[in-house]
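Heads up: the structure comes next, in structure tokens.
The values are calculated or read from the model by the stated rules, or taken from the named source; none is laboratory data. Every value quoted in this text rests on a predicted model; they were computed, and no experiment measured them. Note that we place each Cβ from the backbone using ideal geometry, even for glycine, and neighbour counts take in every protein chain shown.
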Amino acid sequence: MKKSIYYLGIACANLMLFGSLFKIQHWPGASVMLVLAVFLFCFAFLPMALMNSYNEGGQKYKALHIVTFIVFFISMMGVIFKVQHWPGAGIFLPFGITLPFILFLPVYLYQTRNEKNKDNVNFSAIMFGLTFLAVFSVLLALNVSKGIILKIGTNLRINNEAAAFNMATIKVADKQNPILEESDKLCVYIEALKDHLLIASDNTLGGKASLDITQMANMENSNIPVHILLGDDSNNKMEELKSKINSYRESVLASEKISPELSELSSTIFDVSDKDTEDGKITWEQRTFGAYQLIVVLDALTQIQSNVRLVESELLAVK
Amino acid sequence: MLDTSQIQLIESDVESARITLYNLSDELVDHICCAIEDQMRNGKSFDEAYSLLKEQTGIKVLQSIQENTLYLTDKKYRLMKTTMKITGNVSLALLALGTLFKIFHWPGAGPLLVVGFVLVCFFFFPAVIYINRREEGSKSPMLLNLSILIGGILLMMGILFKVMHWPIANLLLQGGWFFVLFLFLPTLLYAKLKDAKSGFEKRVYVLGVVALIIFELATMFKMMHWPGAGPLMILGSLLLVAVFLPLYTNMRFKNAELKAGQFIYLITISMYAVVLTALLAMNVSKDILGCFVREQDNGTAINHYFEQKESHFAAAVGTDSVAMMNAEKIKFVSEEAAKVKNEIQSLRLNLVQEIEQVDKQAALAAISESIKINKKDNYDQIDHMLFDQDGNGLANSLKGKLDVYLEQILKVTSSNKELSENISKILDTSSKKNYDSMVSWEEANFKHNPLISTMALLTALERNVSMVESSAIQYINQ
């Protein structure tokens, strides 16, 4: 094997590695490295190395060499199209995932069926490697892209804006109404809970809560929210929150001027009771906060605030 | 006649040819001795006769004799090898198809994956290990094969249980990792160190196994959602690809042991490992989509409230003297709001119908009970529907409708500055600065947005439109 091919192969693998690491860290230059790695692999390394292998006594396996090129060319191209969100990824991907197993493997097994000499390509290694590939790609079906966290951030922002809008519509003259104080109390309590979560999840904040969605690592942390809200040290925070929401709902429903549709809405959106599901009884706090990431928990809490402000403003709008 | 030291030389040579079948090595030694004695009777010395014989046969021939013997004498071995090839190919293809079906939400993914995993775990994987052990012979320790067999099956079953949302998935995975991390990898290192020819080779193997351990730990941390998976993954893949791979291949390259075929295989597998790991690291569990289901249902309840409120209000206008006075204006606001809300509703319905491939009735049911939506995570088609080539598309036309609505509402509320500002703020659709470039409202909100979160977003927009409408009407009625 030629030295140039050797260097090319090592370069491809390392470009891929650093491209992926940069991508995970959101550092600039990731895309360039990934694209370069895949293009070097598909257009230089793979054809050169296969030609070399063919000329060094691989003539018997002509079909295997051709199939290897086609399969891994398509597969790697599928990867780069998907990672870069290029149009057409959807066409490449199905072939990329299945071709190594429905084309490469049968041809490999067929062409080497009488092969006794294990020196050339190690049979067990290929089988183990392909198993790893198949099993690992199953895991991909379990997940969605992390970009989803930004979308939850959008939700959260819109809920905050809605709460601010409703607060601003309340007239000074209305400020005698007891429901105002109740709403404020509940929202302040939730705000404190949110601050507590933020500070506990990020020790760089130095005791001051600030919401930064670009801090992905913190936003997808699911241990601290679960620990604080549902864990042994939670000091029954959830019971407290639930009883506060319950009593808020009761006082809203007890308002004399409430319209039937508003009381229906309040009963729905402030419903914190347990629910029966296929997996048995699930409590409201499990449904809403259980095992979720920080951003989801913050969004859920903000949603309650936004709901409180909406009901408050609707209630006060009735003359 | 041969003396003991000569026979020992032959025995050790046969052993070095990795002849591990006990009877076969004895018989081969016997056969070689006879052949040498034959030659010696013709007047040759032992060394001459032995080197002549080695030239004629050589190690490769001895090995192929072993394989042929294995093949002929061992029916079980032959059966195993055939089983392995067939089940291997079928099961891996089933897994790949199952993954594909799962990603694209086609029906039948579950059975494909279950059958694939069962075949891999209980037929293919044991057969590979059996064959491997037979070919490697007693040289590979029993613990090595046993630990990877049990560990591998537990891990694969764990992944299957996890994908199918069956209980005890985590228990299986943890058990699997225990076997792989604490039994298999140390034993592998021990076996490799025994084989190593030089101190440098030993260090390379130690490095490789340590890198593998870190890498495995990272995968475990990631799947169990423990903190620290990211740094471990970076460290593990750096050690594996940037340090171990060049050292190992260079070592074999220098010894001229590295064949092009093997090298292609190593590079391809490393590239896949890196990409899959990176993709996993950049992903979060699909459970997170539950957040949007909650948002969507909450928004639906609120929008339902506004609908009812409006119809009650419309019925009451006739009896309310103030409302009668302003009937014209109120009608104007309601109509403007209805235009936008209809646009949002039909867009949402359209998206659900297109992506779920269902009729209007089923789509409406899915909107009010969003947990039942299948392709919650589809965003390709949404992008396609909402954005066309030159950036106009449905998202842009929705933005236009919202802008018109804002303009019309502001005409009514213009005398109240505070309210107008408030309304402009909540209906703001201007482009925002993101890092260095301007990102349009529709790009920021709708690009690469999966179905379920697009629905929740549209529902929230509808709610905001209703809120603005209701506050404007309230203002008019004062």
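Selection over the range B:154-188 of residues that are within 11 Å of chain A (Cβ to nearest Cβ) and surrounded by fewer than 21 Cβ atoms within 10 Å (Cβ to Cβ) gives a count of 5. Return the total of residues in the range B:427-467 being under 25 Å from A:V83 (Cα atoms), within 10 Å of chain A (Cβ to nearest Cβ) and among the small types (G, A, S). Going through the range B:427-467 one residue at a time, the tally reaches 2. When the helices (runs of 4 or more DSSP H) confined to the range A:204-314 are screened for residues that are at pLDDT 85 or above and within 30 Å of B:M224 (Cα to Cα), those reaching at least 2 such residues are found at A:237-254, A:284-289. Would you pick out the residues in the range A:155-192 that are crowded, with 20+ Cβ neighbours inside 10 Å and within 11 Å of chain B (Cβ to nearest Cβ)? Once the filter is applied, which keeps residues that are crowded, with 20+ Cβ neighbours inside 10 Å and within 11 Å of chain B (Cβ to nearest Cβ), the range A:155-192 yields A:N155, A:L156, A:I158, A:N159, A:A162, A:A163, A:F165, A:N166, A:T169.
Of the helices (runs of 4 or more DSSP H) lying entirely inside the range B:29-110, the ones with 1 or more residues being within 11 Å of chain A (Cβ to nearest Cβ) and in contact with a Phe, Trp or Tyr (Cβ under 7 Å, 6 or more places away or on another chain) are found at B:58-73, B:75-103. Across the range A:49-61, a minimum of one residue is classified as in contact (Cβ under 8 Å) with a residue 12 or more places away in the chain, under 22 Å from A:P106 (Cβ atoms), more than 8 Å from chain B (Cβ to nearest Cβ) and not hydroxyl-bearing (S, T, Y). Among the numbered conditions (1) within 11 Å of chain B (Cβ to nearest Cβ); (2) under 29 Å from A:T169 (Cβ atoms); (3) of a type outside the set (G, A, S), the only one that A:K242 does not meet is (1). Would you point out which residue out of B:S420, B:S424 is more than 11 Å from chain A (Cβ to nearest Cβ) and without any contact (Cβ under 8 Å) to a residue 60 or more places away in the chain? Within the list B:S420, B:S424, the selection yields B:S420.
When B:A314 is tested against (1) touching a residue at least 60 places away in the same chain (Cβ under 8 Å); (2) surrounded by fewer than 21 Cβ atoms within 10 Å (Cβ to Cβ); (3) more than 8 Å from chain A (Cβ to nearest Cβ), only condition (1) is not met.
Can we say B:L279 is under 30 Å from B:T454 (Cα atoms), within 7 Å of chain A (Cβ to nearest Cβ) and either modelled with pLDDT under 90 or outside any helix (DSSP H, G or I) (or both)?
yes
In this entry, A:V297 passes the filter for residues that are over 24 Å from A:I179 (Cα atoms), touching a Phe, Trp or Tyr at 6+ places or on another chain (Cβ under 6 Å) and surrounded by 17 or more Cβ atoms within 10 Å (Cβ to Cβ). Restricting attention to the range B:82-101, the residues that are modelled with pLDDT under 85 and surrounded by fewer than 20 Cβ atoms within 10 Å (Cβ to Cβ) total 2. If I ask for residues that are over 30 Å from A:N143 (Cβ atoms) and buried (at least 23 other Cβ atoms within 10 Å of the Cβ), which ones from the range B:423-461 would you list? The one that is over 30 Å from A:N143 (Cβ atoms) and buried (at least 23 other Cβ atoms within 10 Å of the Cβ): B:I423.
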